[in-house]
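The values are calculated or read from the model by the stated rules, or taken from the named source; none is laboratory data. Computed from a predicted model, the values in this text were never measured in an experiment. So basically every Cβ, Gly included, is an ideal-geometry build from the backbone, and we count neighbours across all protein chains shown.
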């Protein structure tokens, strides 16, 4: 069913003075749909998340636009784009639902029961790290508070940081290369990375004793772009980073060509080494250590659910690093 606004290329003229919007249960539902569409990147992409058809999503967004008297987005052959008003409403909806969750958490805490959504961002390819406390923490939360709903996002560092800043995620578990004032940092564990080459690379068959700590300066390296380690330059020349990748698996794929060497987490590369595909290059001399921290948005109230998650991770929220 088409709505008046969906049939029009422009929003209806705004009255000079509009009564404040009194939010109803329907408005909450429409705002949740709008938020899901924005975070999915468009109407089509949001269908699986919302479990409804394209026509129903389109109608709900149009209904929301009519309710608040604003054009929130453009959709069509040019793709999905937020208007300025749409960006404002999206950010306001994040704040609104965060406030609702905090209200619910506080009531639940008073009843000695945790419920709500636990949105956590974690860096890619850390499932094989035995030092990570995340899996055990999630298990503990699930056993002690089965009404908590997990929303786990594995992504790149910048996307996790952006999610925490914007309020889409309540916490992130990330490697720390440099600290930002938007976050509070809490120590979790350290990840060791070593340099690897693959079958077909000139170094693969060279005896260990014949390889020096300066060996990387003679070979092309993969630049893991978000892993900004100054210590790398102790082993490789800056101009030797002739290929770049964003995620750990992409680094491994480039190494696997036999054309490059590159740094990988030891836990990630262990299976490839065991299979005889990769070899660590002088790990006793060439390695770097990266601290992993829990990050929370600075100067925000810690809900009971966040406090419980931090406790399950073994983190003291009174002791940031």
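Data overview
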| quantity | calculated |
| --- | --- |
| Flag for residue 151 being in contact with a strand residue (DSSP E or B) (Cβ under 6 Å, 6 or more places away or on another chain) and surrounded by fewer than 16 Cβ atoms within 10 Å (Cβ to Cβ) | yes |
| Hey, residue 321 in contact with a strand residue (DSSP E or B) (Cβ under 8 Å, 6 or more places away or on another chain), surrounded by fewer than 15 Cβ atoms within 10 Å (Cβ to Cβ) and part of a strand (DSSP E or B) or not | no |
| Residue check, residue 115 touching a residue at least 24 places away in the same chain (Cβ under 8 Å) and farther than 17 Å from residue 171 by Cα | no |
| Near pairs, Cβ below 6 angstrom, 6+ apart or cross-chain, from region 129-147 (in contact (Cβ under 8 Å) with a residue 40 or more places away in the chain) to any residue that is part of a helix (DSSP H, G or I) | 129/267; 133/313; 137/312; 137/313; 140/312; 141/312 |
| Residue within region 5-20 that is modelled with pLDDT of 85 or more and either touching a strand residue (DSSP E or B) at 6+ places or on another chain (Cβ under 6 Å) or in a loop (DSSP other than H, G, I, E, B) (or both) present | no |
| Per-region count, region 67-90, residues modelled with pLDDT of 90 or more, surrounded by 13 or more Cβ atoms within 10 Å (Cβ to Cβ) and assigned to a helix (DSSP H, G or I) | 6 |
| Any strands (runs of 3 or more DSSP E) falling wholly within region 239-288 and containing at least 3 residues that are in contact with a helix residue (DSSP H, G or I) (Cβ under 6 Å, 6 or more places away or on another chain), surrounded by 15 or more Cβ atoms within 10 Å (Cβ to Cβ) and not assigned by TED's automatic domain parsing to the domain that holds residue 218 | none |
| Count of residues meeting criterion [over 18 Å from residue 28 (Cα atoms) and assigned to a loop (DSSP other than H, G, I, E, B)] in region 48-66 | 1 |
| Test: residue in region 234-250 that is modelled with pLDDT of 90 or more, touching a strand residue (DSSP E or B) at 6+ places or on another chain (Cβ under 7 Å) and closer than 25 Å to residue 122 by Cα | yes |
| Strands (runs of 3 or more DSSP E) (entirely within region 107-198) containing at least 2 residues that are within 17 Å of the chain's Cα centre (by Cα) and over 18 Å from residue 317 (Cα atoms) | 116-123, 148-155 |
| Conditions (1) crowded, with 16+ Cβ neighbours inside 10 Å; (2) in the same structural domain as residue 29 (by TED's automatic domain parsing); (3) out of contact with any helix residue (DSSP H, G or I) (no Cβ under 6 Å at 6 or more places or on another chain): number failed by residue 93 | (3) |
